[in-house]
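The values are calculated or read from the model by the stated rules, or taken from the named source; none is laboratory data. Quantities reported herein were computed from a predicted structural model and do not represent experimental measurements. Backbone-built Cβ (ideal geometry, glycine too); neighbour counts: all protein chains shown.
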Amino acid sequence: MGGVDLHDMLVALYRTNIRAKRFYLGIIFHLIDICVVNGWLLYRRHLALAGESKYSTLADFRSSIAHALLTAGKTVSKKRGRPAADDNAVVCSRTAKRAHFVKPVDDARYNSFGHWPEHSLQKYRCALCKVVKSRVRCTKCDVALCLTNNKNHFDAYHKH
């Protein structure tokens, strides 16, 4: 009973409260809460086996999941015009017009599952060297990477 009680307590800490006329929405959100808690427990176990001592809290874990879901597949365009006084970064006028893609979350980038090189017709800048334009893109991360006999940025990008 100790494990079940602990799991119920963790689910109740950050429960998704929804009031709807359809009864099954409450069940679906409860199942999502259970999956998030199970994922956090597996994440903590994985870090303990890896020997890392710093764990994220359940609230931080839920926040990182929400951030990853909200930024998945979106492009961010830089604001045009003169930068504000509090911004210290210098923005080049050529790059201000181009939209850049959001980099994938580190957990998805380093998991070594589903990353396949794909040939595209359009050339994009390599995510590592930023100089060379490449036609090879990662299917999962959606970033262009150099993949030739001399350079293998595809492999280097997906390893720690």
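For residues that are in contact with a helix residue (DSSP H, G or I) (Cβ under 6 Å, 6 or more places away or on another chain) and in contact (Cβ under 8 Å) with a residue 24 or more places away in the chain, tally how many sit in the range 49-61. So that I can check it myself, show each step before the final result.
Taking the range 49-61 and keeping what is in contact with a helix residue (DSSP H, G or I) (Cβ under 6 Å, 6 or more places away or on another chain), we get 55, 58, 61.
Those left that are additionally in contact (Cβ under 8 Å) with a residue 24 or more places away in the chain: 58, 61.
Counting residues in the range 49-61 that are in contact with a helix residue (DSSP H, G or I) (Cβ under 6 Å, 6 or more places away or on another chain) and in contact (Cβ under 8 Å) with a residue 24 or more places away in the chain gives 2.
Select from the range 126-160 the residues that are among the basic types (Lys, Arg) and out of contact with any strand residue (DSSP E or B) (no Cβ under 6 Å at 6 or more places or on another chain) and list them in ascending order. Steps first, answer last, please.
Let us first name the residues in the range 126-160 that are among the basic types (Lys, Arg), namely 130, 133, 135, 137, 140, 151, 159.
Within the range 126-160, 130, 140, 151, 159 meet the criteria.
Tally up the residues in the range 1-16 that are surrounded by 10 or more Cβ atoms within 10 Å (Cβ to Cβ) and in a helix (DSSP H, G or I), please. Break it down stepwise before answering.
Kept after step one, since they are surrounded by 10 or more Cβ atoms within 10 Å (Cβ to Cβ), are these residues of the range 1-16: 6-16.
Retained after the next criterion (residues that are in a helix (DSSP H, G or I)): 6-13.
Qualifying residue count for the region: 8.
Which of the residues spanning the range 132-144 are within 18 Å of the chain's Cα centre (by Cα) and either outside the structural domain of residue 122 (by TED's automatic domain parsing) or over 17 Å from residue 113 (Cα atoms) (or both)?
Start the filter on the range 132-144 by keeping residues that are within 18 Å of the chain's Cα centre (by Cα), which leaves 137-144.
Scanning the range 132-144 gives a single hit, 144.
Among (1) at pLDDT 90 or above; (2) farther than 30 Å from residue 103 by Cα, where does residue 21 come up short?
Single failed check for residue 21: (1).
So how many residues does the range 7-29 have that are under 26 Å from residue 60 (Cβ atoms), over 23 Å from the mean Cα position of the chain (by Cα) and among the aromatic types (Phe, Trp, Tyr)?
Going through the range 7-29 one residue at a time, the tally reaches 0.
Are any residues in the range 95-113 of a type in the set (A, V, I, L, M, F, W, C) and either surrounded by 14 or more Cβ atoms within 10 Å (Cβ to Cβ) or at pLDDT below 70 (or both), and if so, which ones? Step through it out loud before you land on a result.
Kept after step one, since they are of a type in the set (A, V, I, L, M, F, W, C), are these residues of the range 95-113: 96, 99, 101-102, 105, 108, 113.
Listed by number, the residues that qualify are 96, 99, 101, 102, 105, 108.
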